[in-house]
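These notes are about the structure you will find just below.
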């Protein structure tokens, strides 16, 4: 995207990144559960400069009817970027990229959501990216998980997500837009913290086997930080501040 | 809160050990894991989580307030505030000698009518079968419908019905609570009706408060004096 500075230093000698973070430091994350009245469940996340709103409906009737499954419920996810979410106006029609992200988020949530409890129904997740700054799929997955819990849909575990990556041959946590564009690798990870299972793993770039292992470790540790914030968001909404 | 009750979110380990998992928990190895946001309760041999959110899932023998959606020549379709629609066969209303040619379903129940019904059968492979052929069931012709969250229904009823009895006594209203979160209040005096409605809304909004019963009581009494 525009505005990229060719002279930008992604990682300086002291291990400080282009936005002033240390290599294992995530951006500032704020999660809020609820907020939308008409949706059954909702969540809002600010992940650095990413701003994402998620609404969940369901379980509810499936339309068109032929999509329903008599053995289990189905999960439908729509990831959508607002025209004003990026530097230049984005056409609002679903792009290839948005269709792909909808699919990977759906598949990252499916192991957690107990859809088999609601045969012949659908759970719909609508993700609206209001402002994008790299790592929206992870932020969207994190928020979608909070919104599903807010809707009261039974889940085996929450799903927390964050990206790890490589710039200047160094493994970093939480890749931002500049690092994604100019860096060497970007690896989004979705993780169920209590079940200790990875539900989303993508990789764009080249890593050695050692770097790959390190990236996973850094990413999983990052997911645990994100999970604490998801937990706090739900405790704040449902139990006031007296949650234990 | 004591040791036994704690606030949980999905994925939290409620306890470990040889317990029987009941509502809203799953067993993973020897860990009991919560599947919804709520308050966990550990009994002698079982564990459950009382949900604080979520929609109504029909259970056999539940009393529900239903709204007639539509009908075919053989059955009615009822909105029971759930992801499934209630199915009320015509025989249930007309009796065994029901004939699809002779009897017109809309002569008994029309679209939009409210009924108090009971879930007769539900096994998730088909839509829930409801019945209105029992005492206290059938069409509701007077009263006001109040919608609350289905997860707050146990709170509105209270321990052994204390909360709802208190509201009924203070307002002289007859209140029918459907497990699906729909409540019908019928009351002779308009003040009583408004007060009962206010009390129910209060329970719905402040269900997590510990001394809610006292607060509702205070509200009911204060209005009564003015």
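Worth pointing out:
- Just one of the listed residues (B:209, B:177) is in contact with a strand residue (DSSP E or B) (Cβ under 6 Å, 6 or more places away or on another chain) and either within 25 Å of residue B:5 (Cβ to Cβ) or at pLDDT 85 or above (or both), namely B:177.
- Considering segment B:1-24, and only residues there that are more than 10 Å from every other protein chain (Cβ to nearest Cβ) and part of a strand (DSSP E or B), the residue that is farthest from the chain's Cα centre (by Cα) turns out to be B:16.
- Checklist (1) assigned to a loop (DSSP other than H, G, I, E, B); (2) without any contact (Cβ under 8 Å) to a residue 60 or more places away in the chain; (3) crowded, with 24+ Cβ neighbours inside 10 Å applied to residue A:191, failing item: (1)
- Per-region count, segment A:205-228, residues surrounded by fewer than 20 Cβ atoms within 10 Å (Cβ to Cβ) and in contact with a helix residue (DSSP H, G or I) (Cβ under 8 Å, 6 or more places away or on another chain): 1
- So residue B:117, is it in a strand (DSSP E or B), crowded, with 19+ Cβ neighbours inside 10 Å, at negative phi and at pLDDT 90 or above: yes
- Helices (runs of 4 or more DSSP H) completely within segment B:142-226 that count 3 or more residues being without any contact (Cβ under 8 Å) to a residue 24 or more places away in the chain and surrounded by fewer than 17 Cβ atoms within 10 Å (Cβ to Cβ): B:190-205, B:212-225
- Residue that is surrounded by the most Cβ atoms within 10 Å (Cβ to Cβ) [pool: residues in segment A:117-149 that are in a strand (DSSP E or B) and touching a helix residue (DSSP H, G or I) at 6+ places or on another chain (Cβ under 6 Å)]: A:125
- Failed criterion for residue A:228 (all others in (1) touching a strand residue (DSSP E or B) at 6+ places or on another chain (Cβ under 8 Å); (2) under 26 Å from residue A:34 (Cα atoms); (3) without any contact (Cβ under 8 Å) to a residue 60 or more places away in the chain hold): (1)
- Where residue B:60 falls short, out of the listed (1) within 24 Å of residue A:193 (Cβ to Cβ); (2) modelled with pLDDT of 90 or more; (3) surrounded by fewer than 21 Cβ atoms within 10 Å (Cβ to Cβ): (1)
- Among the residues of segment B:85-115, those that are touching a helix residue (DSSP H, G or I) at 6+ places or on another chain (Cβ under 7 Å) and either more than 16 Å from residue B:70 (Cβ to Cβ) or in the same structural domain as residue B:177 (by TED's automatic domain parsing) (or both) comprise B:98, B:103.
- Test result for residue A:152, away from every other protein chain (no Cβ under 12 Å), on the phi > 0 side of the Ramachandran plot and not in a helix (DSSP H, G or I): no
The values are calculated or read from the model by the stated rules, or taken from the named source; none is laboratory data. Keep in mind it's a predicted model, so treat the numbers as computed, not measured. Virtual Cβ from ideal backbone geometry, glycine too; neighbours counted across all protein chains shown.
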